[in-house]
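For reference, the structure discussed in these notes is given below.
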Amino acid sequence: MAAADNQPETGSGHTRWGVVLPILALPVLVLGFLIIGLFAWALSDEDDPRAGDPSKVPCAEALAFGGAERPANARPGRCTVQHGIDTAYTAVLRMPREDVRAWLRETYPNAPGIRTGDPCGALCLEVSHEDGLPASAEAHVVQVRVDHENAETALVRFSAFTM
């Protein structure tokens, strides 16, 4: 011991921190990399088999997700589902123009009124759980847009999704 300051002598002017600091730094660095990796993994959906491009499904499944059934006189087109943070189903149907309003009123009797004109196309309807979506629907919102293909046929685009 040095007589003047009652400090232990370490030999060549080094403290014990020169040995302890690298030993303490290693676990801190490893823990930091693990935390960063965990956040990167959690924020990516790359490995989620449900995420990605839409996949084809039966139109009955797409319509049922929105609490609807396919009208007997409708010809189904492309129907898809896309999973991710939310689930979104789409269905494209062709049906007689004169049957569209009755089908919408029967399917969504408590929905707000059917709109016409721009930007809807011929007809459109948006319904949610707050304003008339049936209890059987798994979707939070259903949107229906109708365009007239010709004098007899309507093209119905049905979309049902969660939020």
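The values are calculated or read from the model by the stated rules, or taken from the named source; none is laboratory data. Keep in mind it's a predicted model, so treat the numbers as computed, not measured. Note that we place each Cβ from the backbone using ideal geometry, even for glycine, and neighbour counts take in every protein chain shown. Just the protein is used for accessible areas: all its heavy atoms, side chains included, with ligands, DNA and RNA removed. Shrake-Rupley method; radii C 1.70, N 1.55, O 1.52, S 1.80 Å.
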**OP:** Could you please find all residues in segment 72-88 being open to solvent by 20 Å² or more (accessible area, probe 1.4 Å) and assigned to a strand (DSSP E or B)?
**Re:** R75, P76, G77, R78, Q82, H83, T87, A88
Original post:
Within segment 131-155, which residues are of a type outside the set (A, V, I, L, M), over 14 Å from E69 (Cα atoms) and either at pLDDT 90 or above or in contact with a Phe, Trp or Tyr (Cβ under 9 Å, 6 or more places away or on another chain) (or both)?
Top reply: G132, H140, Q143, R145, D147, H148, E149, N150, E152, T153
**OP:** Could you check R97 against (1) touching a Cys at 6+ places or on another chain (Cβ under 9 Å); (2) open to solvent by 80 Å² or more (accessible area, probe 1.4 Å) and say which number it fails?
**Re:** (1)
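Residues checked against (1) of a type in the set (F, W, Y); (2) part of a helix (DSSP H, G or I); (3) surrounded by fewer than 16 Cβ atoms within 10 Å (Cβ to Cβ):
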{"position": "I23", "(1), (2), (3)": "no, yes, yes"}
{"position": "P27", "(1), (2), (3)": "no, yes, yes"}
{"position": "L31", "(1), (2), (3)": "no, yes, yes"}
{"position": "R70", "(1), (2), (3)": "no, no, no"}
{"position": "V92", "(1), (2), (3)": "no, no, no"}
{"position": "R105", "(1), (2), (3)": "no, yes, yes"}
{"position": "P109", "(1), (2), (3)": "no, no, yes"}
{"position": "C124", "(1), (2), (3)": "no, no, no"}
Original post:
Looking at A137, is it of a type outside the set (D, E), open to solvent by less than 20 Å² (accessible area, probe 1.4 Å) and part of a loop (DSSP other than H, G, I, E, B)?
Top reply: yes
Subject >> Failed item, numbered, when K56 is tested on (1) under 26 Å from S136 (Cα atoms); (2) modelled with pLDDT of 85 or more; (3) open to solvent by less than 100 Å² (accessible area, probe 1.4 Å) >> reply: (3)
**OP:** Output the residues belonging to segment 33-47 that are modelled with pLDDT under 75 and open to solvent by 100 Å² or more (accessible area, probe 1.4 Å).
**Re:** W41, L43, E46, D47
Original post:
So, of the residues in segment 113-134 that are without any contact (Cβ under 8 Å) to a residue 40 or more places away in the chain and among the hydrophobic types (A, V, I, L, M, F, W, C), which turns out to be farthest from R97 (Cα to Cα)?
Top reply: V127
